[in-house]
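Input: a single structure, listed below in structure tokens.
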């Protein structure tokens with residue numbers, strides 16, 4: 001059995017080379033031995049005239065240091081494949097950079113239809129001009145450049161090119177490292193499914209097949225080939241332009257936004273379907289499927305449709321926003337439904353899981369619990385598990401001699417300075433602008449530190465944030481002009497990523513690391529910094545214990561807890577004070593904070609992440625398989641009858657509506673006469689060994705009226721809030737919730753529901769003794785009704801949690817009831833009373849228990865009864881779910897209430913055959929003594 005990790009990008013890609021000429025082959029020297037290390041950098045043009053970062057010679061065989069930049073060897077020289085290699089956890093490489101490194105083809109996608117309001121207006125004006133010109137008979141002007149196709153007419157042919165597999169420089173490096181760590185530890189069979197990270201329309205079909213076969217055989221990877229147009233629309237125009245900002249609380253609402261680009265959604269769906277098809281093609285029974293990140297939100301449901309019994313997990317590596325932000329997406333329901341195709345949905349931290357559950361509750365109007373989402377016919381578990389580092393690979397990388405060389409150089413260059421390090425991608429969510437403004441404020445506010453500290457900010461740019469780059473450049477220029485001297489430069493700003501060896505050296509010698517992200521699912525740079533602060537590689541060997549300044553809006557902040565210095569990136573005063581606090585912190589406090597952080601880093605590892613998720617998925621999959629209606633056996637009426645005959649005391653606890661009788665119609669009228677139900681119950685009650693209880697969500701008065709001809713029948717009303725005990729001498733109802741407490745929470749909730757009742761024509765509030773219902777089956781606008789119901793349930797569950805009440809979406813209504821009272825609590829009270837009575841009489845108590853129900857409120861009674869059977873408290877326990885929903889019941893009856901009534905009637909006939917007839921001689925409805 002294999003584990004398939006499905007990610008947009010494979011951990012590997014393809015590098016292309018022009019074949020050497022025949023003359024070059026004859027005179028060429030053997031190629032150099034491939035460097036077994038990899039990095040995540042690439043060459044960029046060197047600008048002249050910038051200040052140098054380091055003064056002095058470079059170490060042998062190390063990258064050169066020029067022009068204020070850490071520069072690297074040729075990308076294709078350095079980027080070679082090693083299965084055990086550590087990939088940068090957060091590779092800041094733009095797409096065009098990766099293609100330049102590997103000589104990969106350019107996209108032939110052409111221009112997509114623009115979704116910009118401004119572009120639409122321009123296109124409309126041009127179309128009007130062309131029509132007018134056509135009417136005049138003049139030649140129309142050519143379309144604007146933005147409307148012309150940029151199809152790959154300049155692409156070079158890739159036929160005959162030499163190629164080799166390389167480690168990819170883009171994609172989710174943290175995922176790759178974590179999966180490799182787990183695979184090495186557990187020797188798990190890992191298969192990857194994804195794209196090779198570049199446009200492939202320019203590749204001949206035969207070459208695609210060769211690449212696919214090579215990756216399958218040598219690298220356990222299945223390639224998903226999609227058209228350049230689909231990939232461009234999916235990745236650039238939907239994932240990056242719409243989903244990425246939304247998931248990081250950056251709602252794209254300006255006129256140039258593609259937030260309303262319906263065409264990009266089609267491309268997103270097409271790519272997701274291509275991935276799902278590849279997963280289905282690769283799947284073998286027993287395999288595990290893990291689908292990763294926001295690029296593939298639709299894949300779980302697409303795979304589930306073709307593989308209903310597959311073991312599917314989904315992990316979101318980014319943050320998940322609050323429901324108020326997520327609801328801005330026009331495709332919100334389709335995205336949620338896609339994710340809910342998994343057995344287990346996992347997030348980095350509890351906050352994101354809570355946001356997801358709240359979003360499902362409000363937008364889908366479904367019941368959510370702390371464990372997951374209850375859908376109509378199955379349950380989807382939701383959990384959180386933070387990703388971590390591959391420590392074995394980190395240790396191997398840190399032993400690289402090049403790392404030591406860079407440590408020595410940086411220490412020598414900044415011998416008397418405090419070094420603050422930061423590394424971010426230059427986009428709108430990483431908080432680089434906020435960090436630089438806070439640093440500028442720090443230098444202005446605390447002049448004593450101006451010549452004692454240097455901030456080294458590594459900031460790679462994708463070239464798509466020109467406005468942000470301009471703003472950041474202005475801040476850097478201002479800091480440089482005000483605070484730089486001939487002897488000191490307080491800010492080193494690097495506009496590209498650096499070699500991994502340089503990066504590790506910086507983390508090792510740093511006195512402080514600043515991460516000021518405005519939102520980040522997890523930030524493994526913080527983990528790498530803490531791990532590198534243990535003193536290894538330093539000449540002194542002394543642990544540095546550098547403080548960590550960390551944005552409170554990162555997943556890492558939730559994982560670490562409190563030992564870091566937490567900041568709000570928007571609070572520049574607080575940020576500046578945090579820098580001062582970190583620089584002036586005493587050794588004892590630094591050691592104490594670092595020790596706690598180090599413990600988290602070394603326990604919450606990538607290997608631990610993968611193992612915990614695997615265990616969680618296996619557990620929930622087994623539970624789902626056991627609860628699936630097709631997995632639960634049909635009730636054996638013969639076995640039920642045999643056990644019934646041998647029991648001296650029997651207990652029946654049966655749900656009424658939906659189990660013994662069909663649900664009401666929209667007008668509230670039962671679909672069939674209850675006479676057959678009454679006759680069946682009367683037959684059971686005719687045996688003195690039987691105790692029969694009916695449970696319902698209805699009010700006591702309604703149940704009393706329905707069963708007025710059976711005054712001895714035991715009743716459980718309002719889902720456990722009221723009980724009328726079995727037997728003629730117990731005619732009074734017991735109410736368990738406190739009446740005063742009910743009045744308090746009802747007043748608050750009634751006001752909340754009144755807000756929605758006033759705004760939704762046809763809705764109304766139904767008040768029961770211990771619960772409220774917001775009903776909207778008669779609402780004129782059902783779409784608005786569903787939205788209001790979700791909002792109402794979410795608001796009540798959030799605001800009234802301390803009152804021990806919860807709101808549960810049910811069919812065409814929202815039920816608000818108390819959490820401490822349920823059908824289970826009522827059944828427990830009844831059964832405990834029976835045991836006490838049996839102990840007083842010296843008898844064994846009930847030996848036979850039958851519980852039957854049809855909905856979520858009955859599942860808790862099934863669990864209770866199953867536990868009695870497992871513990872041996874009751875010899876024979878039968879829990880029966882009527883219908884086709886997933887259940888913990890031990891048996892099902894798919895024929896509905898008719899099948900259950902037939903089975904119960906057979907039991908009553910069995911009783912009557914062995915009875916003396918005394919009960920029937922007493923007449924219907926006469927008093928019965930409770931056993």
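Kindly establish whether residue 501 is part of a helix (DSSP H, G or I), within 29 Å of residue 595 (Cβ to Cβ) and outside the structural domain of residue 178 (by TED's automatic domain parsing). Walk me through how you get there before you give the answer.
Numbers: part of a helix (DSSP H, G or I): yes; within 29 Å of residue 595 (Cβ to Cβ): yes; outside the structural domain of residue 178 (by TED's automatic domain parsing): yes.
Spelling it out, residue 501 is indeed part of a helix (DSSP H, G or I), within 29 Å of residue 595 (Cβ to Cβ) and outside the structural domain of residue 178 (by TED's automatic domain parsing).
To keep it simple, each residue is scored yes or no on (1) over 17 Å from residue 361 (Cβ atoms); (2) more than 36 Å from the chain's Cα centre (by Cα); (3) surrounded by fewer than 16 Cβ atoms within 10 Å (Cβ to Cβ); (4) not assigned by TED's automatic domain parsing to the domain that holds residue 804.
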| site | (1), (2), (3), (4) |
| --- | --- |
| 749 | no, no, no, no |
| 757 | yes, no, no, no |
| 760 | yes, no, no, no |
| 763 | yes, no, no, no |
| 768 | yes, yes, no, no |
| 774 | no, no, no, no |
| 785 | no, no, no, no |
| 790 | no, no, no, no |
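Do we find that residue 250 is within 26 Å of residue 555 (Cα to Cα) and surrounded by fewer than 18 Cβ atoms within 10 Å (Cβ to Cβ) in this structure?
Details: within 26 Å of residue 555 (Cα to Cα): yes; surrounded by fewer than 18 Cβ atoms within 10 Å (Cβ to Cβ): yes.
So residue 250 passes the test.
What number of residues within the stretch 212-228 are assigned to a helix (DSSP H, G or I) and buried (at least 20 other Cβ atoms within 10 Å of the Cβ)?
As a first pass, look at the stretch 212-228 and keep what is assigned to a helix (DSSP H, G or I): 212-219, 228.
From what is left, the residues that are buried (at least 20 other Cβ atoms within 10 Å of the Cβ) are 215, 228.
Here the count works out to 2.
Filter the stretch 699-718 for residues that are in contact (Cβ under 8 Å) with a residue 60 or more places away in the chain and crowded, with 20+ Cβ neighbours inside 10 Å and give the result. Before the answer, list the steps.
Going through the stretch 699-718, the residues in contact (Cβ under 8 Å) with a residue 60 or more places away in the chain turn out to be 699-700, 709-712, 714, 716, 718.
Scanning the stretch 699-718 gives 700, 712, 714, 716, 718.
Please pick out the residue among 626, 574 that is under 30 Å from residue 189 (Cα atoms) and out of contact with any helix residue (DSSP H, G or I) (no Cβ under 7 Å at 6 or more places or on another chain). Steps first, please.
Details: 574 fails: under 30 Å from residue 189 (Cα atoms).
It is 626.
Output yes when any residue across the stretch 826-847 is outside the structural domain of residue 369 (by TED's automatic domain parsing), more than 29 Å from residue 374 (Cβ to Cβ), at pLDDT 90 or above and in a loop (DSSP other than H, G, I, E, B), and no when none is.
There is at least one residue in the stretch 826-847 that is outside the structural domain of residue 369 (by TED's automatic domain parsing), more than 29 Å from residue 374 (Cβ to Cβ), at pLDDT 90 or above and in a loop (DSSP other than H, G, I, E, B).
Within the stretch 548-576, which residues are part of a helix (DSSP H, G or I) and without any contact (Cβ under 8 Å) to a residue 24 or more places away in the chain? Break it down into steps so the answer makes sense when it comes.
Going residue by residue through the stretch 548-576, those that are part of a helix (DSSP H, G or I) are 555-560, 572-576.
Across the stretch 548-576, the qualifying residues are 557, 574.
Take residue 908 and tell me if it is surrounded by 14 or more Cβ atoms within 10 Å (Cβ to Cβ), modelled with pLDDT under 90 and under 24 Å from residue 710 (Cα atoms). Steps first, answer last, please.
Working: surrounded by 14 or more Cβ atoms within 10 Å (Cβ to Cβ): yes; modelled with pLDDT under 90: yes; under 24 Å from residue 710 (Cα atoms): yes.
Criteria met by residue 908.
Within the stretch 533-546, is there a residue that is crowded, with 23+ Cβ neighbours inside 10 Å, touching a strand residue (DSSP E or B) at 6+ places or on another chain (Cβ under 7 Å) and either assigned to a helix (DSSP H, G or I) or in the same structural domain as residue 440 (by TED's automatic domain parsing) (or both)? Don't jump to the end; show me each part of the working.
Within the stretch 533-546, the first condition is being crowded, with 23+ Cβ neighbours inside 10 Å, and the residues that meet it are 533, 546.
Those left that are additionally touching a strand residue (DSSP E or B) at 6+ places or on another chain (Cβ under 7 Å): 546.
With either assigned to a helix (DSSP H, G or I) or in the same structural domain as residue 440 (by TED's automatic domain parsing) (or both) added as a condition, the list becomes 546.
Looking for residues that are crowded, with 23+ Cβ neighbours inside 10 Å, touching a strand residue (DSSP E or B) at 6+ places or on another chain (Cβ under 7 Å) and either assigned to a helix (DSSP H, G or I) or in the same structural domain as residue 440 (by TED's automatic domain parsing) (or both), one finds at least one in the stretch 533-546, hence yes.
Tell me, please, whether a residue that is modelled with pLDDT of 95 or more, crowded, with 18+ Cβ neighbours inside 10 Å, closer than 15 Å to residue 272 by Cβ and in the same structural domain as residue 296 (by TED's automatic domain parsing) can be found in the stretch 231-242. First the steps, then the outcome.
Our first condition is that a residue be modelled with pLDDT of 95 or more; within the stretch 231-242, this holds for none.
No, there is no match, as no residue in the stretch 231-242 is modelled with pLDDT of 95 or more, crowded, with 18+ Cβ neighbours inside 10 Å, closer than 15 Å to residue 272 by Cβ and in the same structural domain as residue 296 (by TED's automatic domain parsing).
For residue 742, all conditions in the list (1) out of contact with any helix residue (DSSP H, G or I) (no Cβ under 9 Å at 6 or more places or on another chain); (2) on the phi > 0 side of the Ramachandran plot hold save one; what is the number of the exception?
With (1) out of contact with any helix residue (DSSP H, G or I) (no Cβ under 9 Å at 6 or more places or on another chain); (2) on the phi > 0 side of the Ramachandran plot applied to residue 742, the lone miss is (2).
With respect to residue 502, determine if the residue is under 30 Å from residue 292 (Cβ atoms), under 33 Å from the mean Cα position of the chain (by Cα) and crowded, with 19+ Cβ neighbours inside 10 Å.
Taking the combined requirement at face value, the residue does not satisfy it.
Kindly list the number of the only condition in (1) within 30 Å of residue 247 (Cβ to Cβ); (2) modelled with pLDDT of 95 or more that fails for residue 442.
Unmet condition: (1).
Can you tell me which residues in the stretch 186-206 are buried (at least 16 other Cβ atoms within 10 Å of the Cβ) and either within 28 Å of the chain's Cα centre (by Cα) or more than 22 Å from residue 170 (Cα to Cα) (or both)? Show your work before the answer.
Initially, the stretch 186-206 is screened for residues buried (at least 16 other Cβ atoms within 10 Å of the Cβ), giving 188, 190-203.
188, 190, 191, 192, 193, 194, 195, 196, 197, 198, listed by residue number.
Applying the selection to the stretch 673-718, what residues are part of a loop (DSSP other than H, G, I, E, B) and farther than 13 Å from residue 656 by Cβ?
The first filter runs over the stretch 673-718 and keeps only residues part of a loop (DSSP other than H, G, I, E, B), leaving 673-674, 686-689, 696-699, 707-713.
Passing the criteria: 673, 686, 687, 688, 689, 708, 709, 711, 712.
Counting only residues that are within 30 Å of residue 317 (Cβ to Cβ) and part of a loop (DSSP other than H, G, I, E, B), how many does the stretch 387-417 have?
The qualifying residues number 6.
The values are calculated or read from the model by the stated rules, or taken from the named source; none is laboratory data. Just so we're clear, the structure is a prediction, and the values are computed from it rather than from any experiment. Positions of Cβ are backbone-derived with ideal geometry, glycine not excepted, and every protein chain shown enters the neighbour counts.
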